[in-house]
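Before any comments, here is the structure.
The values are calculated or read from the model by the stated rules, or taken from the named source; none is laboratory data. Given the structure is predicted, the values throughout are model-derived calculations rather than measurements. Here Cβ is always computed from backbone atoms with ideal geometry, including for glycine, and neighbour counts include all displayed protein chains. Each accessible area value is taken on the protein alone, full model and side chains, heavy atoms only, with ligands, DNA and RNA left out. Shrake-Rupley method; radii C 1.70, N 1.55, O 1.52, S 1.80 Å.
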Amino acid sequence: MKVVICPTAERATALTARVIEQALRQKPDIALGLATGRTMEAVYAHLVQAHQNSGLDFAACRTFNLDEYVGIAPDSAHSYRTYMNAHLFSRVNVALEATHVPDGAATDLDARCVAYEQAIRASGGVGLQLLGLGENGHIGFNEPFSAFTSRTRVVTLDPATRRQNVGMFDGDLEQVPYHAVTMGVGTILDAHRNVMVVTGAAKASMLARVIEGAMSACISATALQMHADCLVIVDEAAAGALSCRPYLEHLMQHDPELKALLS
């Protein structure tokens, strides 16, 4: 795990977008694992700008989103498919048939979960997986006690997660589903590269536990400590509780990969 501390959230999301842009330019047919949330909106805005201003080409890539709510139709204003269409897919030249978001309204969810895993494998695996960090330490919707070997499946959402996402449902907690489909922790760990972006003081304590604490199924993001190629990009506010910060700053100055990334 390598950690980059940026002075602002804007710099953190811009750097995250640049990492994705570099991966896409190096391998145009890459399978991108995508995430949703307020922080990701800024990342996608940078990618759209790169597409419009410097010809970043999405024509050959494929995408797989982390998760979707159960019982929400793909064309619902509250679905992650609608979110992705609005913030990225409709604004770049990606082929819509090459974009994949779990179908939370499917009649046989278990079969769809198996098919989702098969589609990822058929694409050669996720080349770069974009991740956020939930306030309870989840990645995707892998809530506490998610096995590190788990695959795409239906999960019951933590009450804290439902409260955190109430903004997507007009502030009405009753509208927030109790269940979701999510890539598993094992699915995420299978990605060739993971890039997690975390901003804001509200995530600082949990981020410190993810980076510096023991691995635990209670905090699914700690599984990223096992990943061979995981980059964590944070802003100053999110880095506020890191006790290892002096060494992280040393690495940012002297690690060849990080120096090249920040140049």
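Being surrounded by 15 or more Cβ atoms within 10 Å (Cβ to Cβ), within 18 Å of VAL181 (Cβ to Cβ) and in contact (Cβ under 8 Å) with a residue 12 or more places away in the chain holds for only one residue in ASP110, ASP103, and it is ASP103. When the test is whether a residue is more than 14 Å from the chain's Cα centre (by Cα) and either open to solvent by 30 Å² or more (accessible area, probe 1.4 Å) or under 21 Å from PRO177 (Cα atoms) (or both), CYS61 does not pass it. Restricting attention to the range 121-152, which residues are outside any strand (DSSP E or B), crowded, with 22+ Cβ neighbours inside 10 Å and among the hydrophobic types (A, V, I, L, M, F, W, C)? Listed by number, the residues that qualify are VAL126, LEU133, ILE139, PHE141. Within the range 84-100, the residues that satisfy the criterion of being over 12 Å from CYS61 (Cβ atoms), in contact (Cβ under 8 Å) with a residue 12 or more places away in the chain and open to solvent by 20 Å² or more (accessible area, probe 1.4 Å) are HIS87, ARG91. In the set (1) surrounded by 18 or more Cβ atoms within 10 Å (Cβ to Cβ); (2) in contact with a Leu (Cβ under 8 Å, 6 or more places away or on another chain), the condition left unmet by GLU21 is number (1).
Within the range 169-210, take every residue that is part of a helix (DSSP H, G or I) and in contact with a Ser or Thr (Cβ under 9 Å, 6 or more places away or on another chain) and give me the one that is surrounded by the most Cβ atoms within 10 Å (Cβ to Cβ). So, considering only residues that are part of a helix (DSSP H, G or I) and in contact with a Ser or Thr (Cβ under 9 Å, 6 or more places away or on another chain), the one surrounded by the most Cβ atoms within 10 Å (Cβ to Cβ) is ILE188. Just checking, which of LEU66, LEU32, LEU47, LEU56 is in contact with a strand residue (DSSP E or B) (Cβ under 8 Å, 6 or more places away or on another chain), buried (at least 17 other Cβ atoms within 10 Å of the Cβ), over 24 Å from THR107 (Cα atoms) and modelled with pLDDT of 95 or more? Exactly one of LEU66, LEU32, LEU47, LEU56 is in contact with a strand residue (DSSP E or B) (Cβ under 8 Å, 6 or more places away or on another chain), buried (at least 17 other Cβ atoms within 10 Å of the Cβ), over 24 Å from THR107 (Cα atoms) and modelled with pLDDT of 95 or more, namely LEU32. Among the conditions (1) open to solvent by 20 Å² or more (accessible area, probe 1.4 Å); (2) under 29 Å from SER76 (Cβ atoms); (3) assigned to a helix (DSSP H, G or I); (4) among the small types (Gly, Ala, Ser), ALA221 misses just one, which is (1).
Would you point out the residue of the range 42-56, among those that are within 12 Å of PHE89 (Cα to Cα) and not aliphatic (A, V, I, L, M), that is farthest from the chain's Cα centre (by Cα)? Among them, the one singled out is HIS51.
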